[in-house]
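Participant: This is the structure, below, for whatever I ask next.
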Amino acid sequence: MATQFQSAARRSYWFSVLFSSLVDFVVIFVIALFFDYTAGQALIVALIAIAVLYIFQLLYSLLGVIKVAILFYWFDKKARVQATVDEMIARRMPKPMRFYADASEYLLSVVKSDAASTDAKLYAGAALGSIDTLRATNRIYLLINLGLVLEDAIKEYGRRVGFVWDDGSNIAPEDLDDDERVT
């Protein structure tokens, strides 16, 4: 089901990009014809105008992403990490293993765990659903932000409650290196 939705969303996205580009091209081509260009000249003008327009849009969008990223890192990330850690504590999430490739790995281990509470499994499942939804709808910037928040929250949570080695043995918070402990 998720694969079908993702494929449909991807097809819809690329169709809308193609349609939008075609409409932009036709509008610019028609405008160029009003300036007494020949069809060949109007075609070249339209191609150049489309290229300039899309480069401008790309640079302007990049500026917007930079502004939002600065706001996220300066003002929002710390609060979101703390709120996520608070939720993990409230849900009594299992201790994370010492190393994960990404946050999804920990969340999936919580969902599959026999020892995890129902609340912990539901929270982990909801977080995994959020990740998949952002990925399927091409909300890449939001997906990156969510990944950063979850990864930092898992590390912080592990610092507070301790970690688990791959073999299942516990690492208590007091056994962590000085730079890994919560101060």
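Participant: Looking only at the stretch 118-141, count every residue that is open to solvent by 70 Å² or more (accessible area, probe 1.4 Å), among the β-branched types (Val, Ile, Thr) and either part of a loop (DSSP other than H, G, I, E, B) or within 17 Å of residue 12 (Cβ to Cβ) (or both) and tell me the total. Break it down stepwise before answering.
Facilitator: Filtering the stretch 118-141 for residues open to solvent by 70 Å² or more (accessible area, probe 1.4 Å) gives 118-119, 122, 132-133, 135, 139-140.
If we keep only those that are among the β-branched types (Val, Ile, Thr) too, we end up with 118, 133, 140.
In the following step, the residues that additionally are either part of a loop (DSSP other than H, G, I, E, B) or within 17 Å of residue 12 (Cβ to Cβ) (or both) were identified as 133, 140.
Here the count works out to 2.
Participant: Also, quick follow-up: Which pairs turn up if I take residues in the stretch 146-164 that are in contact (Cβ under 8 Å) with a residue 12 or more places away in the chain and among the hydroxyl-bearing types (Ser, Thr, Tyr) and look for partners that are in a helix (DSSP H, G or I) and buried (at least 18 other Cβ atoms within 10 Å of the Cβ) with beta carbon separation below 9 Å, at least 6 apart in sequence or on another chain?
Facilitator: 157/84; 157/85; 157/88
Participant: Oh, and also: Going residue by residue through the stretch 3-22, is there one that turns out to be open to solvent by less than 70 Å² (accessible area, probe 1.4 Å), closer than 28 Å to residue 149 by Cα and without any contact (Cβ under 8 Å) to a residue 40 or more places away in the chain?
Facilitator: yes
Participant: Among (1) of a type outside the set (S, T, N, Q); (2) open to solvent by 70 Å² or more (accessible area, probe 1.4 Å); (3) modelled with pLDDT of 85 or more, which single condition is residue 177 missing?
Facilitator: Here residue 177 meets the rest and fails (3).
Participant: Looking only at helices (runs of 4 or more DSSP H) that fall completely inside the stretch 34-117, which ones have 3 or more residues that are in contact (Cβ under 8 Å) with a residue 40 or more places away in the chain and of a type in the set (Val, Ile, Thr)? Even if it seems obvious, please write down each step before you answer.
Facilitator: Working: elements: 39-71, 77-90, 103-112.
Counting at least 3 such residues, we get 77-90.
Participant: Follow-up. Please work out which residue is farthest from residue 154 (Cα to Cα), limiting yourself to the stretch 72-87 and to residues that are among the hydrophobic types (A, V, I, L, M, F, W, C) and under 16 Å from the mean Cα position of the chain (by Cα). Don't jump to the end; show me each part of the working.
Facilitator: If we filter the stretch 72-87 for residues that are among the hydrophobic types (A, V, I, L, M, F, W, C), which is where we start, we get 72, 74-75, 79, 81, 83, 85.
Checking which are under 16 Å from the mean Cα position of the chain (by Cα) leaves us with 72, 81.
Details: 72: 19, 81: 9 Å.
Per the criteria, the residue is 72.
Participant: Mind checking whether some residue in the stretch 36-56 is under 25 Å from the mean Cα position of the chain (by Cα), surrounded by 10 or more Cβ atoms within 10 Å (Cβ to Cβ), at pLDDT 90 or above and not hydroxyl-bearing (Ser, Thr, Tyr)? Show your work before the answer.
Facilitator: Looking only at the stretch 36-56, we keep the residues that are under 25 Å from the mean Cα position of the chain (by Cα), and these are 54-56.
Add one more test, that the residue is surrounded by 10 or more Cβ atoms within 10 Å (Cβ to Cβ), and what stays is 54-56.
When the remaining residues are screened for being at pLDDT 90 or above, the result is 54-56.
Checking which are not hydroxyl-bearing (Ser, Thr, Tyr) leaves us with 55-56.
Yes, some residue in the stretch 36-56 is under 25 Å from the mean Cα position of the chain (by Cα), surrounded by 10 or more Cβ atoms within 10 Å (Cβ to Cβ), at pLDDT 90 or above and not hydroxyl-bearing (Ser, Thr, Tyr).
The values are calculated or read from the model by the stated rules, or taken from the named source; none is laboratory data. Please read these numbers as outputs of a predicted model, since none were measured by experiment. Neighbour counts run over all protein chains shown; Cβ positions are idealised from the backbone, glycine included. Ligands, DNA and RNA are excluded from the accessible area calculation, which covers all protein heavy atoms including side chains. Shrake-Rupley method; radii C 1.70, N 1.55, O 1.52, S 1.80 Å.
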